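A quick write-up on the structure given underneath.
Laboratory data are not the source of any read-out in this text; all were calculated from the coordinates shown. This structure is a prediction, so every number in the text was calculated from the model and none was measured. Note: ideal-geometry Cβ built from the backbone for every residue, glycine included; neighbour counts use all protein chains shown.
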Amino acid sequence: MFKKKQSQQDPAQATKADEQAAEKTFHEGMVTIKDIIAPAAIEINFDHIRLGKYFIKSFFVFTYPRYIYTDWLSPIINFDITMNTSIFIYPQESKDYMRKLRTKASQVESVYSERQEKGLVRDPQLEMAYKDIEELRDKLQAGVERLFKLSIYFTLYAESKEELEDVTKRLESVLSGQLIYTKSANLQQEQCFTSTLPLGKDEMMITRNMDTESLSTVFPFVSSTLSNNNGILYGINIHNNTLVLFDRFDLENANSVVFAKSGSGKSYAIKLEALRSLMFGTEIIAIDPENEYEQLCEAVGGTYLNVSLNSDKRVNPFDLPQGKASNEEEGEEILRSNIIMLHGLFKLMFQTITPQEDSVLDKGLVETYTSKGITTDPNTHSMPPPTMEDLQKILASIPGGEDMAVKLKKYTEGSFSGLFNQPSNVDLNNKFIVFNIQNLEEELRPIAMYSILNFIWNKVKSERKRRLLIIEEAWIMMKHEDSAQFLYSIAKRARKYYLGLTTISQDVEDFLSSDYGKAIVNNSSMTLLLKQHTATIDLITKVFNLTQAEKYFLINADVGKGLFFAGQNHIGIDIIRSYQEDMLVTTNPEQLNQMGV
């Protein structure tokens with residue numbers, strides 16, 4: 001008998017095996033990524049899953065209507081709930097289905113012929129099925145269409161069973177309204193849940209045949225998002241936490257309206273927009289009735305103009321835009337346009353004016369310009385313009401103009417003298433300009449805003465640049481028809497001069513009750529609605545066609561949250577800022593006191 005000789009293990013191999021075993025033991029004791037992200041436990045039930053603190057329920061789509069329309073998934077994608085959606089598409093060989101369709105067409109035709117022989121009433125459903133089969137066969141044969149299998153699964157998340165039932169009803173209601181029906185994956189919740197994870201695994205394989213045309217309606221190229229590679233950051237989309245990056249100059253026009261109650265963050269949001277737009281080379285001009293822009297203006301090296309009776313800053317309403325006219329016809333148009341603007345200004349000053357006085361005023365304005373050598377000839381437009389005192393003297397010499405001349409004395413010799421009766425000494429050659437009218441008497445505010453707007457508008461027309469014109473408390477101008485009409489004319493023509501007009505108002509009712517106010521809204525491609533008062537929410541709902549959910553959202557919105565409209569899209573927005581931005585734009589009295597401002 002021979003005994004088998006036992007081989008001895010190489011000491012080096014033994015050492016290497018020991019090292020591998022030790023390394024394996026070491027790695028088993030380490031914390032991995034899976035350990036960090038995995039829940040503590042998962043509980044799989046008949047019709048739902050318990051995953052940590054969440055209750056989860058998964059569904060599959062089992063039937064579709066005969067006709068299905070593009071964007072039918074849009075309401076689901078934009079749901080304000082936590083949800084996963086998975087779409088699986090499996091291309092099929094057309095030749096295999098051509099044989100099946102031919103067999104199916106023969107069966108349907110046979111049934112149809114049999115019913116006719118028996119004299120039965122026609123069956124529209126049978127006829128439609130035969131027609132669909134033949135149309136699909138023709139398209140497949142011509143290569144116009146292809147066949148696919150489609151699977152769609154949904155998984156809902158909630159923090160309680162009651163909430164889970166509520167979101168389930170919402171999902172089923174929206175889908176069933178489009179004749180798309182789902183079923184809960186009872187006894188298959190784990191498989192359906194896995195199918196909606198970003199793993200690319202379809203463990204359910206519940207499919208439906210689709211041709212190319214029908215399948216194209218499923219693609220979710222829709223989302224409640226406003227984000228592109230251009231523009232500035234406005235905030236966070238509260239529906240899906242995406243960034244709202246937008247350039248208002250990419251819209252049909254760059255006009256914007258902002259409505260909100262006091263303290264909701266409307267001025268804060270617009271100052272953030274102004275600051276961020278400034279970094280992209282946009283010029284900013286603001287009319288500030290409440291001294292809210294001074295700190296921001298000084299921080300960016302802007303020009304802050306305090307317009308008041310005691311200030312040395314003056315704006316002459318008789319100024320004409322320079323360098324815009326190249327012939328006498330254009331010069332006549334510019335002169336006539338400024339005279340029409342002055343009509344509106346003096347109507348504000350006089351409060352009431354008869355048709356006869358209006359005619360005399362028109363004659364007086366023409367003669368006032370002529371007295372300074374300014375005519376329809378563009379070469380005369382660079383001459384020093386007249387002042388209000390010149391008009392007063394002309395009106396005093398015209399029959400029927402004596403009363404108006406007396407009324408003008410208050411602005412030329414009386415308590416309001418100097419503000420509108422001296423040559424302009426305001427320079428608009430800065431990237432950030434603020435006109436502060438806080439120290440003006442209430443009676444003078446609409447007049448001053450009107451005059452300043454005309455001065456700015458002439459500058460805008462003289463030199464086309466990318467600009468934003470911000471008008472705080474725009475409701476002041478809406479109280480008077482002439483100033484409201486002038487503001488509307490700017491909104492209507494702003495796009496031509498590369499201008500974006502921003503009108504801000506907390507008095508929604510005064511603004512929207514004016515026909516010109518509604519017209520300004522209609523001529524604004526961007527709108528920001530923040531927290532609203534219950535007294536005005538019905539008007540806002542009607543004007544902007546809000547849903548009941550959006551209505552209650554605006555009533556209960558926190559500071560800095562609201563609805564953001566841009567063109568045909570609108571989303572819920574949370575306006576965010578950095579610490580440095582907050583220090584520059586805040587108007588919170590408590591913060592300002594802490595900062596020593």
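A few remarks follow.
- When the charge dipole of the chain is built from unit charges on Cβ atoms (+1 for Lys and Arg, -1 for Asp and Glu) and taken about the Cα centre, the candidate among Ala17, Pro423, Gly500 whose Cα reaches farthest toward its positive end is Ala17.
- Here segment 544-577 and segment 457-471 have alpha carbon centers that stand 29 Å from each other.
- One chain, two ends: Ser578 and Thr15. Fully extended at 0.36 nm per residue, the span grows by 196.8 nm beyond their Cα-Cα distance.
- Pairwise centroid distance, computed over Cα atoms, of segment 314-375 with segment 252-283, Å: 33
- Here the dipole of segment 93-145 is about 140 debye; that uses its Cα centre as origin and unit charges on the Cβ of Lys and Arg (positive) and Asp and Glu (negative).
- Degrees, to the nearest 10: 266-278 long Cα axis against longest axis of the chain: 90
- Label selected from (i) 35, 29, 23; (ii) 68, 36, 23; (iii) 40, 31, 24, the criterion being semi-axes √(5λ) of the Cα gyration tensor in Å as computed here: (ii)
- Centroid-to-centroid, using Cα positions, segment 121-168 and segment 408-451 are 68 Å apart.
- Sequence-distant contacts, meaning Cα pairs under 8 Å at least 6 residues apart, place the relative contact order of segment 93-145 at 45 percent.
- Summing charges over neighbours of Ser513, with a neighbour being any other residue whose Cβ is under 14 Å away from its Cβ, gives -3 when K and R count +1 and D and E count -1.
- Angle of helix 124-142 to the longest C-alpha principal axis of the chain, folded into 0 to 90 degrees and rounded to 10: 90°.
- Debye, to nearest 20: dipole size of the chain, +1 on Lys, Arg Cβ, -1 on Asp, Glu Cβ: 2120
- Extension gain (nm, one decimal) between Ser173 and Tyr498, 0.36 nm per residue minus Cα-Cα: 112.4 nm
- Full-extension gain in nm, Lys518 to Ser216, via 0.36 nm per residue minus C-alpha separation: 104.8 nm
- Most positive-pole-ward Cα, Pro385, Thr412, Gly364, against dipole of segment 324-423 from beta carbon charges: Thr412
- Label point 7 Å beyond Cα of Gln485 along Cβ direction - residues of segment 498-521 with amide nitrogen under 12 Å: 516
- Total formal charge among the other residues, if their Cβ is under 9 angstrom from that of Leu101, Lys/Arg +1 and Asp/Glu -1: +4
- Once the C-beta distance of Met98 and Ile33 is scaled by a Förster radius of 45 Å, the resulting FRET efficiency is 0.40 to the nearest 0.05.
- The dipole here belongs to segment 97-190: it is taken about the Cα centre, uses +1 on the Cβ of Lys and Arg and -1 on the Cβ of Asp and Glu, and is about 560 debye.
- Using the rule -39500 (n - 2.57) for each DSSP H run of four or more residues, divided by the residues of the chain, the 222 nm mean residue ellipticity is -13000 deg cm²/dmol.
- Burial ranking of peptide ranges 433-441, 466-474, 50-58, 398-406 (average Cβ count within 10 Å, highest at the top): 466-474, 433-441, 50-58, 398-406
- Scalar couplings 3J(HN,Hα) for segment 326-342, obtained by applying the Karplus form with A = 6.51, B = -1.76, C = 1.60 to θ = phi - 60°, are 10, 8, 5, 5, 5, x, 5, 5, 5, 5, 4, 4, 6, 5, 4, 4, 5 Hz; x denotes Gly and Pro.
- Label separation (Met83 vs Lys149): 2.6 nm, computed from points 7 Å beyond Cα along the C-beta direction.
- Quotient of C-alpha Rg and 2.2 N^0.38 Å, computed over segment 451-537: 1.09
- With respect to the chain, whose longest principal axis is taken over its alpha-carbon atoms, helix 388-397 is tilted by about 50°.
- Packing-based ranking, highest mean first, of 373-381, 130-138 given that Cβ atoms within 10 Å are counted: 373-381, 130-138
- Model label sites at Val111 and Ile555, defined 7 Å from Cα along the beta-carbon direction, differ in position by 5.3 nm.
- Qualifying lysines (Cα of each under 30 Å from Cα of Lys261; at least 8 residues distant if same chain): Lys271, Lys431, Lys479, Lys492, Lys518, Lys531, Lys542, Lys551, Lys561
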